[in-house]
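The next block holds one structure in the form of structure tokens; read it before the comments.
The values are calculated or read from the model by the stated rules, or taken from the named source; none is laboratory data. Keep in mind it's a predicted model, so treat the numbers as computed, not measured. Here Cβ is always computed from backbone atoms with ideal geometry, including for glycine, and neighbour counts include all displayed protein chains. Side chains included, ligands, DNA and RNA excluded: accessible areas come from the protein's heavy atoms. Shrake-Rupley method; radii C 1.70, N 1.55, O 1.52, S 1.80 Å.
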Amino acid sequence: MAQDFLGNSVTLEQPQSEAAVNDFVEGLLACEARVVNVLQVCATDASPYVQACCAALHLFAESREGQLQALPFIDAAQNSPIRASRREQMFVQAIAAWSAGDVGGTVNGFQQLLSDYPRDLASLKLAHYHLFNVGDAPAMLRLALASLPAAADVAYQHGMTAFAWEQCHFLREAEAAARRALALKPKEPWAQHALAHVMLTQGRIAEGADFMDSVSASWTGLNSFMQTHNWWHLALFELERGQHGAALDLYDKQVWGVVKEYSQDQIGAVSLLARLELCGVDVGDRWQDLADYLLQRLNDHVLPFLDLQYLYGLARAGRAEAAELMRNLERHASRATQDQVWAKVCLPASRGLLAHAEGRHTQAVEELGLALPNLLAIGGSHAQRDLFEQIYLDALLRSGQLVAAQNIIQQRIAGQPESRRLQRLSTQVLDQLGLHAVATMQGSPRAAS
């Protein structure tokens with residue numbers, strides 16, 4: 001019987017499909033473009049596992065079109081004449097739940113699978129994807145730690161565990177796990193990414209920039225998300241240390257333009273372009289190019305985290321379709337009665353982002369203020385969700401709410417004393433509050449700006 005590279009048995013109709021299955025399994029874990037190679041055997045191998053893997057790839061498009069394209073593969077997996085193993089049957093059921101929009105069923109399916117087959121790291125990766133999208137980092141960590149004894153020899157396992165530790169704010173443990181992964185496999189992009197998160201959170205700005213730059217030569221053969229996202233992390237470090245030109249150059253050359261049609265590439269571009277503007281950078285007509293690709297997203301509503309950024313990008317480009325997307329979001333939220341995140345978090349956040357993009361800053365403060373305490377529920381990482389907090393802070397400043405702004409800025413500087421971005425904001429606010437001596441006093445972090 002065929003096996004994947006982790007030693008899990010795989011039932012195949014065609015023995016030659018084994019290489020494609022391994023490309024899916026390891027490609028998924030390594031965030032490599034070869035993950036799609038399994039699509040090349042879907043017409044010749046009717047085995048349930050192959051068909052379910054193909055369905056998963058279409059679902060990863062995070063679009064309504066991708067959901068429709070996954071359906072024939074789900075049907076083929078569930079009605080295949082090839083008898084699947086118990087592990088494979090559980091995998092098919094979890095993917096089918098994903099296709100049906102049943103996040104709870106998807107997560108439960110993968111959790112049950114992993115309890116019996118803890119070395120099925122592809123299932124761990126997929127479980128992490130869904131848990132991440134609903135903001136349940138403790139469950140990510142619980143699953144990762146449970147699988148660790150069975151897969152301690154695999155770098156990818158430690159990379160996933162590192163990210164789970166980091167999202168739970170256990171930064172020392174996250175760094176140790178990431179460095180363990182990199183000791184086993186220096187080109188482990190998810191572990192590199194987890195370490196970037198740790199360094200950004202701890203305010204190790206210069207060290208983080210140097211680290212990501214030093215490993216960037218290894219970002220070859222990656223899928224567009226991982227490639228652009230790691231460059232996005234380097235751009236964040238550049239923004240924090242005041243290197244606006246370098247960050248804009250990374251946007252043009254590395255972050256935007258790899259696969260412009262892909263959801264994750266689009267939101268990475270929206271996020272970086274917005275941050276550049278918040279730092280006072282003139283981004284020219286870049287919003288217009290980006291908005292051309294966001295127009296396809298008006299009716300997706302796959303994840304609220306994505307829709308928020310689609311909306312902001314369209315609004316910053318001045319596109320009338322931003323209002324259409326806002327109406328669609330309101331309609332979708334009224335129908336998504338089983339998922340209150342759309343109504344209780346996504347809607348006020350959407351209204352706040354739209355207000356900010358259109359210069360209605362007092363309303364932006366009010367609406368974002370309602371959403372921010374519960375923003376964890378929309379998914380995304382701490383670093384990604386920080387965009388919405390930066391927009392909220394900018395709205396406070398632009399609406400003249402300086403006392404609230406100063407309170408936020410100074411707390412952030414305490415955790416990121418190297419951040420020139422925060423130092424400039426602090427100087428600006430303190431001067432406006434009449435605290436000129438404080439803004440320039442000897443030894444203050446602001447004095448270094």
Requested in this report: Identify, from the list 65, 32, the residue that is touching a residue at least 24 places away in the same chain (Cβ under 8 Å) and either surrounded by fewer than 20 Cβ atoms within 10 Å (Cβ to Cβ) or closer than 26 Å to residue 192 by Cα (or both).
Outcome: 32
Query raised in the report: Is it true that some residue in segment 244-261 is outside any loop (DSSP other than H, G, I, E, B), among the aliphatic types (A, V, I, L, M), in contact (Cβ under 8 Å) with a residue 12 or more places away in the chain and within 21 Å of residue 324 (Cα to Cα)?
Result: no
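Mind listing just one residue for me: the one in segment 95-135 that is among the small types (Gly, Ala, Ser) and in a loop (DSSP other than H, G, I, E, B) and, of those, surrounded by the most Cβ atoms within 10 Å (Cβ to Cβ)?
So the residue we want is 135.
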Requested in this report: Restrict the check to segment 232-247 and report whether at least one residue is touching a Phe, Trp or Tyr at 6+ places or on another chain (Cβ under 8 Å) and not hydrophobic (A, V, I, L, M, F, W, C).
Outcome: no
Report task. Only residues that are open to solvent by 40 Å² or more (accessible area, probe 1.4 Å) and on the phi > 0 side of the Ramachandran plot: list them for segment 238-273, please. Result -> 257
**Report entry** Residue that is least open to solvent (accessible area, probe 1.4 Å) [pool: residues in segment 35-62 that are in contact (Cβ under 8 Å) with a residue 60 or more places away in the chain and closer than 18 Å to residue 19 by Cα]
**Finding:** 56
Requested in this report: Collect the residues in segment 293-341 that are farther than 14 Å from residue 351 by Cα and among the acidic types (Asp, Glu), keeping them in residue-number order.
Outcome: 300, 321, 339
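State yes or no: is residue 211 within 27 Å of residue 54 (Cα to Cα), crowded, with 18+ Cβ neighbours inside 10 Å and not β-branched (Val, Ile, Thr)? Write out each step before concluding.
Values: within 27 Å of residue 54 (Cα to Cα): no; crowded, with 18+ Cβ neighbours inside 10 Å: yes; not β-branched (Val, Ile, Thr): yes.
Answer is no for this residue.
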Report summary line: Out of (1) within 30 Å of residue 166 (Cα to Cα); (2) buried (at least 21 other Cβ atoms within 10 Å of the Cβ), the one residue 369 does not meet is (2)
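Rundown of residues vs (1) in contact with a Leu (Cβ under 9 Å, 6 or more places away or on another chain); (2) at pLDDT below 95, yes/no style:
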{"site": "1", "(1), (2)": "yes, yes"}
{"site": "17", "(1), (2)": "no, no"}
{"site": "29", "(1), (2)": "yes, no"}
{"site": "35", "(1), (2)": "yes, no"}
{"site": "46", "(1), (2)": "no, no"}
{"site": "50", "(1), (2)": "yes, no"}
{"site": "96", "(1), (2)": "no, no"}
{"site": "107", "(1), (2)": "yes, no"}
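Yes/no per residue for (1) touching a Leu at 6+ places or on another chain (Cβ under 9 Å); (2) among the hydrophobic types (A, V, I, L, M, F, W, C); (3) within 24 Å of residue 401 (Cα to Cα); (4) at pLDDT below 95:
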position	(1), (2), (3), (4)
299	yes, no, no, no
325	yes, yes, no, no
347	yes, yes, yes, no
353	yes, yes, yes, no
Query - Any chance residue 91 is of a type outside the set (Ser, Thr, Tyr), more than 25 Å from the chain's Cα centre (by Cα), in a helix (DSSP H, G or I) and buried (at least 23 other Cβ atoms within 10 Å of the Cβ) - result: no
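So which residues in segment 153-194 are assigned to a helix (DSSP H, G or I), acidic (Asp, Glu) and open to solvent by 10 Å² or more (accessible area, probe 1.4 Å), if there are any at all? Outline the logic, then answer.
Step one: list which residues in segment 153-194 are assigned to a helix (DSSP H, G or I), which gives 155-167, 171-184, 189-194.
Now narrow it down to the ones that are acidic (Asp, Glu): 166, 173, 175.
Passing the criteria: 173, 175.
For segment 399-409, which positions are assigned to a helix (DSSP H, G or I), of a type outside the set (A, V, I, L, M) and buried (at least 16 other Cβ atoms within 10 Å of the Cβ)? Give the derivation first.
Step one: of segment 399-409, the residues assigned to a helix (DSSP H, G or I) are 402-409.
Then drop every residue that is not of a type outside the set (A, V, I, L, M), which leaves 406-407.
Listed by number, the list holds a single entry, 406.
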